[in-house]
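In what follows, a single structure is set out as structure tokens and then discussed.
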2 protein chains.
Amino acid sequence: MTETAAAAGVGDCASRTSVRPRPDGQDSYTIGEVAALTGLSAHTLRWYERIGLMSRVGRSHNGQRRYDNDDLRWLEFVGRLRLTGMPVADMVRYAELLREGDHTFAARQELLVRHREEVRRHIAELRATLAVLDFKIEIYGGSAR
Amino acid sequence: MTETAAAAGVGDCASRTSVRPRPDGQDSYTIGEVAALTGLSAHTLRWYERIGLMSRVGRSHNGQRRYDNDDLRWLEFVGRLRLTGMPVADMVRYAELLREGDHTFAARQELLVRHREEVRRHIAELRATLAVLDFKIEIYGGSAR
DNA sequence: TGCTTGCCTGGAGTGCACTCCAAGTCTCTA
DNA sequence: TAGAGACTTGGAGTGCACTCCAGGCAAGCA
């Protein structure tokens, strides 16, 4: 269980760690460091690569993964999409389009536009529920007193 | 597959159906009608009852479920909580507290207050991502042209 | 009378997104 | 030189929230 300890220790705040992004050129991170930086587990990072959500990560002379700042930026974006509920399959599709090159601009844009609509719809739902919660909580406040 | 056909036919708009809420006193709905009204499948409605997310629903003389307007209102609230990401286990906990009676006011209020915080946090995340999406989509617009 | 439709039950199956395991390699420190 | 610790792999396991299945019952209609 040693491997996941780093990520687990980070808890809900991924930046509370000694690992900091390094300047481009000297940017080389082990999977454990990336886990600490992103809050993802090393398991999940390998799985992301396996399913094509990340293009193949660079390797050290002995086969260990070495992530760079571009990888970190990509993981941050992926994290955003994930937090806003985009299915992993859609994120993989987006990653594939990116790898395919410039002629997929339109398709990528469409994918993001569709997701933006989803996010907007979701915000509206959350707002409506917030109103319901406010109402109920107020009732409880009044009754408890 | 006859059973789920009603719910499936409803699609994304649960109100596009001939079943309408009836006045209190004449409110008695079969599981199929409730499925059409709520957009949940009959399977899910039975499962909700089994796990205690609904208190035991009334029965007809031959053992079939008969839902009333209170059940419908509860299902609507549950649907809101579900859409805002509350785990089913928490919703079950809330339902249990409700059944336990008035002395659980404070606990119920606390549960809702905590969820409200979650929802607020989530809205903030979605807003931040919306900004990122706007930026990326604009880039694609410029590059594609 | 037979057929269809809608419902009942407990338990098994599904899809998603991880999460862990076993067995091994490599590097570093005591 | 031994041991610890971080890493490697493919494949199996987990938890959640449903979703379906098999076998059966009851009511309405031709």
**Asked** For the rotation that superimposes chain B on chain A, which residue of B has the C-beta lying nearest to the axis, and at what distance in Å?
**Response** B:123, 3
**Asked** Taking one equal scatterer on every alpha-carbon of region A:101-145, how large is log10 of I(q)/I(0) by Debye at q = 0.16, 0.19, 0.23, 0.28 1/Å?
**Response** -0.59, -0.68, -0.78, -0.89
**Message:** Less than 15 Å Cβ to Cβ from residue A:89, Lys/Arg counted +1 and Asp/Glu -1: what total charge do the surrounding residues give?
**Reply:** +1
**Item:** region B:40-124, relative contact order in percent, only Cα pairs under 8 angstrom and at least six apart counted
**Value:** 24 percent
**Request:** Summarise the partner chain shielding of A:128-134 as one whole number: the mean count of Cβ atoms from other chains within 10 Å of each residue's Cβ.
**Result:** 6
**Message:** Please report the projected area of region A:53-140's Cα convex hull averaged over all directions, in nm².
**Reply:** 8.6 nm²
**Message:** Using a 10 Å cut-off around each Cβ, can you sort B:43, B:122 from fewest to most neighbouring Cβ atoms?
**Reply:** B:43, B:122
**Asked** Applying 1/(1 + (r/R0)^6) with R0 = 30 Å to the Cβ-Cβ distance of residue A:50 and residue A:27, what FRET efficiency is obtained, to the nearest 0.05?
**Response** 0.85
**Fill in**
Partner shielding of B:116-127, as the mean number of partner chain Cβ atoms within 10 Å, equals 4
**Item:** Cα centroid separation - region A:88-145 against region B:92-134, whole Å
**Value:** 17 Å
**Item:** Per-residue mean of C-beta atoms belonging to partner chains within 10 Å, peptide B:85-92
**Value:** 1
**Item:** Gain on full stretching of the segment that runs from residue B:88 to residue B:61 - 0.36 nm per residue minus C-alpha separation
**Value:** 6.6 nm
**Request:** Let me know the charge dipole size of region B:59-145 about its Cα centre in debye, to the nearest 20, where only the beta-carbon of Lys, Arg (+1) and Asp, Glu (-1) is charged.
**Result:** 240 debye
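We did not get these values from a lab; they are worked out from the coordinates using the rules stated. In this text, all values refer to a predicted model and were calculated from it rather than measured experimentally. Note that we place each Cβ from the backbone using ideal geometry, even for glycine, and neighbour counts take in every protein chain shown.
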